[in-house]
1. Are there any pairs, at least 6 apart or on different chains, whose C-beta atoms fall under 8 Å, with the first in region 206-229 and not assigned by TED's automatic domain parsing to the domain that holds residue 381 and the second part of a loop (DSSP other than H, G, I, E, B) and of a type in the set (S, T, N, Q), and if so, which?
2. Out of the residues in region 303-325 meeting the condition of being hydrophobic (A, V, I, L, M, F, W, C) and in a loop (DSSP other than H, G, I, E, B), tell me which one is farthest from residue 449 (Cα to Cα).
3. Any residue in region 1077-1089 that is within 20 Å of residue 920 (Cβ to Cβ), in a helix (DSSP H, G or I), in contact (Cβ under 8 Å) with a residue 24 or more places away in the chain and of a type in the set (Gly, Ala, Ser)?
4. Which one is nearest to residue 300 (Cα to Cα) among residues in region 96-133 that are touching a Pro at 6+ places or on another chain (Cβ under 9 Å) and β-branched (Val, Ile, Thr)?
5. From the list 86, 134, which residue is under 21 Å from residue 204 (Cα atoms) and assigned by TED's automatic domain parsing to the domain that holds residue 194?
6. Restricting to region 919-934, and then to whatever is crowded, with 17+ Cβ neighbours inside 10 Å and closer than 14 Å to residue 971 by Cβ, can you tell me which residue is modelled with the highest pLDDT?
7. Would you be able to say whether some residue in region 723-732 is outside any helix (DSSP H, G or I) and not assigned by TED's automatic domain parsing to the domain that holds residue 1130?
8. Which residues, counting only those in region 996-1021, are modelled with pLDDT of 95 or more and over 18 Å from residue 809 (Cα atoms)?
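The values are calculated or read from the model by the stated rules, or taken from the named source; none is laboratory data. Nothing here was measured: the structure is a model prediction, and the numbers come from that model. No Cβ is skipped: glycine too gets one built from the backbone with ideal geometry, and neighbour counts run over all protein chains shown.
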Amino acid sequence: MSTPVGLTGHLIACAVGAALDNLYRMVVVTALVSVAYRAHAGDSKAADAAASGYSSLAMILFTLPFIVLAPLAGSLGDRLPKQLIVRAARIADVPICALAIVGFATGSVPLLFSSFVALGIASAFFAPVKLAIVPELATPGRLARANAALAAVTVASILVGSCLSAVTDAEALAWLARSLGFAWPEAWVARAPIWALSLLSGALCVLGIVGAFRVPAVRAQSPGTRLAMPWAVTTQVSSMARTRGIIAPAIALAGFWALGGAAVVGLIPLAKGVYGLAQAGTVQLFLALVVGVIVGSVATPRWMAKAFPAGLPIVGAALAGFALACVGWHAETATALPIAERSQVPAAVWLFLCGVGAGLWEVPLTIILQERSPAEKRNQIMAGVSVLGSFGTFFAAGAYWLLANGADRSPAQVFVILGLGTLALAVGFALWYRLQLAAWLMASIVTRIWRVRVIGAEHVPSEGGCLVICNHLSFADGVVLGSSLPRPGRFLVYRRYVEMPVIGFLLRAAGVIPVAGEDKRRALLASIDAAVESAKSGQCVVIFPEGKITRSGQTDSFRSGLERIAGRAQVPVVPAYLHGLWGSPLSRAPRRDLPRLWRRLELRIGPPLPSTTTAGQARNHVMHLSFDHAHERARRDRRTLASAFIAAAKRRPFANAVQDAGGAIANWKLAAVARSLVPLLELTHDDRTIGIVLPPGRGGAIVNVALALARRTAVNLNHTAGPAQVTRMCELARIRTIVTSRLYLRRIGEPDLPGRIILVEDLLPRLGTLTLMRHALAFFTMPARWLARGHGDDTAAIVFSSGSTGDPKGVELTHRQILANCASVADGLDLHRSQDVILSPLPLFHSFGLIPGMWLGLATGMTVASQPDPSDAKALGELAQSARATFLISTPTFARGYLRRVEPEQFKTLRFAVVGAERCPADLRKQFKERFGSELLEGYGCTELAPTVATNLIDVHRDGEREVRARDGSVGRALPGQQVFAVDPVTHEPLPPGSEGLLVVRSPSRMKGYLDRPDLTAKAFVAGGYNTGDIGRVDEDGFIFITGRLARFAKIGGEMVPLDNVETALQTVVGDICEIAVAAIPDESRGERLIVLHTGYTGSIEDLLASLDGLPALWRPKPRDVRPVEAIPKLGTGKRDLAGITALAVRG
């Protein structure tokens, strides 16, 4: 358990204080008991009574200062900085220890009792500060752990102090001397305990003072507090009672101290009288109790449910009472046996369980009191709690004395009575708080079945009404959320579940509000009214605004009910995002995992939103939490592309990794060949970035995997950009070595390539059979992390941008960013490694061809079918049929060619296709569906985002529900873990949903940056995300609409004119007759003017321009600016060359 910053010194000071207190309590009480037994030698009954009397009186003297000085100690702790009191208490230990040592050495009963009084006085001032300072040293989220650490350290110190009391046992010291080979003179034996106690006390005092002065300085919480005198005890307790939520846990905590005091008082007479144990044997029993308290304290943060605070203390009290009664019962039955046959082991076991219950009882109550106490009165409240605890301890000591002396009961019988009394009180509280106890039990079951990580619990208001909204993944969402929120929630639950026989009874007992979308208007309004009234009354209302469990695993549209509840109740909206239950048996996923324990879940809670928040805004905030989760998960991902590939390959070693027109290669063989290839590349230490000029397919995959294994950065060069651009790319990326193929070079016209050229054909003959077998054996026998080393934040690839709007820029992408995008695409598109085959005709120098087209399959275990020539539709169809492709990645330009050259039979296994890089016309989508029977979906991405951001998806029809996942004119919703929103192009302030602005993407796959261009990187990173340069809007349901690029606007007469809108309007009129492109060129009179380029329009130009009557006059080009061209400039990817189009327009 990690310790919060600033708490270490305090833990040391508390540890020393507890050790000294218990050292001297054991020493003094044992000395007093010894006096009693010597005084009544031969009369065991009188000796027991005298010993109990001395023990009880000692505890009373120790406890009395807690009552008398509580008002002064409480007010002093709020008036002064608390670290001063901590330091004063540890300094006071020095004279107190000296007094006790003198009393021990002389055998003076008055001095021994006086030392107990002094210990009580010092502890009375220190006790409230010990707990009150913790919230000032630990953050709210770490408060439970801090208190668990404090309790564990305290009881461990109690254990240590009790064990160290053995130094006053002459027999124990003599045994130690014999064990070490010392022969002490006879004169030393009598004085050895005194010297040992003195040296030990001195060392502890020094350590305590050092720890106290390491406590960081904190400010006085209420410097104006008046010092209260001892007679203000009743006022202090009554003031504490008036503070909401304090008195009940304070009384319960007093019960804990009372039981603990009685146990400590009775343990020594029980050990000596029943089991005949000396000091060392008594310590062993005490050890069992203290170890149990440590275990219970450390377990508290994991078992505590903040929303149901009464549950764990009740269970702890019941366990402690039952176990204490069993200690007494065993001791009582043992008295019938000869003392030599009496075993203390069962008593030690029951004492251990009693300690566990005590730890579960005390720590949660302390946390509750700390959290509920106002900071300016916390020390006074803690002092009041100490008063109640002291009264409880005083009462327990008195009750013990009356039972032992007045009622003539043995220590064993007293333990039975006290234990059963505690158990009875715990049962009574369990009946009184039965709903809280039941909810705690449910929360405990939930946290045992799932491992729920809660982030942002502090954002839920501690009091007052609020509305918590969350995405809906499964039937278990309600119990997980209810068990994880820091306060009880009142849930809106589907009416049909509330009306079920058993489950409905439990839901009604929990006070849920039934609701159903199919309810009549009056019933629906009644449910809304009930939620509003609950929120107004200060309750935490919880809803799932999607109104149903997701059928696709993605967050659907939010309904407007949340607006009505929050708006009418005037309460804040608290967004939450739950992850981890999709795919579980309780979800509606088409493929569900087998049930398993400790499934990892994460609940993220965001800052409260105003009551005027719309459904769209609320959904956007939940998506932000989704991004936070994905970003954190990616940050913890230590894999590289190579290790991810090998791990996926090991799951399906004999499945095809890559298939092309020349054949296929299995996963195991690809791994073995790639590992064998690494030394053959003969790369030097300076060869950090390696160029690749290879087509997609087996060769391209092998080389890219080999470079990932070699921990080199791969740069798939865009040879279509021309020799000058390729040379410039190599200069920018510092490429000295290029891996290529002789056959491929011939196919692309044998371009001039700079640097050292490695031809794949020259390396393949050097791959020896034994080398391949050795690497294959390693693949099958060694873990993936041994076969592929590296760091997730190393640059895996540099992708040079297409240059459609200017000079190419090198985009650096790390292993972690590429893997994050692969995970996002696989989750969003519901791809499965054993069922899906990726078909990609895109080149590897294109980010879509490299990442979703290759690495997506390799990193997740799906087969990749690669076609080197995207324009060869016939070959693509044959490959699709042979590989049984299910998922196609392409562009609209290439997809139009498939309509003419690919037979429907060849695409019969295709589930859907995603196209990007340019707009996908509606008629193309319709024709693709009619010919092939599968959907053509438009997606959206950027190289800088590695690259996929969003895509339309196939609607889901499942279990009577339909989820609409595509919308005409949009590029779909953001994929899982990514958030898209619009900002003002000038101020970069976020805009509300539905507003048009500059689109920004938050994504864990956002690039590392532009290669050696920090200036461009800084401009690209805005509002915590990536500036796409696209103008568009995100509607209330999360669908993204691109209306143009910021760079694709012309400024005419002071107004911004979107070129894409004009271009789309003209292309719609001409249809397939020709291609249309619109560019802007400088104009002296109006700043800029529009130029229309067409590839053979034969109709009337005037009529064509007249079709633009629906557009503003400023947007309409002049007839003189419409020009024919042979072809619209294109890049090698099929995407339009916008820079080339502008240059062509300028040339006229």
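1. If the second residue must be part of a loop (DSSP other than H, G, I, E, B) and of a type in the set (S, T, N, Q), no pairs are left.
2. Among those residues, the one meeting the criterion is 310.
3. Checked against the condition, which is being within 20 Å of residue 920 (Cβ to Cβ), in a helix (DSSP H, G or I), in contact (Cβ under 8 Å) with a residue 24 or more places away in the chain and of a type in the set (Gly, Ala, Ser), region 1077-1089 yields no hits at all.
4. So, considering only residues that are touching a Pro at 6+ places or on another chain (Cβ under 9 Å) and β-branched (Val, Ile, Thr), the one nearest to residue 300 (Cα to Cα) is 121.
5. 86
6. 925
7. Checked against the condition, which is being outside any helix (DSSP H, G or I) and not assigned by TED's automatic domain parsing to the domain that holds residue 1130, region 723-732 yields no hits at all.
8. 999, 1000, 1001, 1002, 1003, 1004
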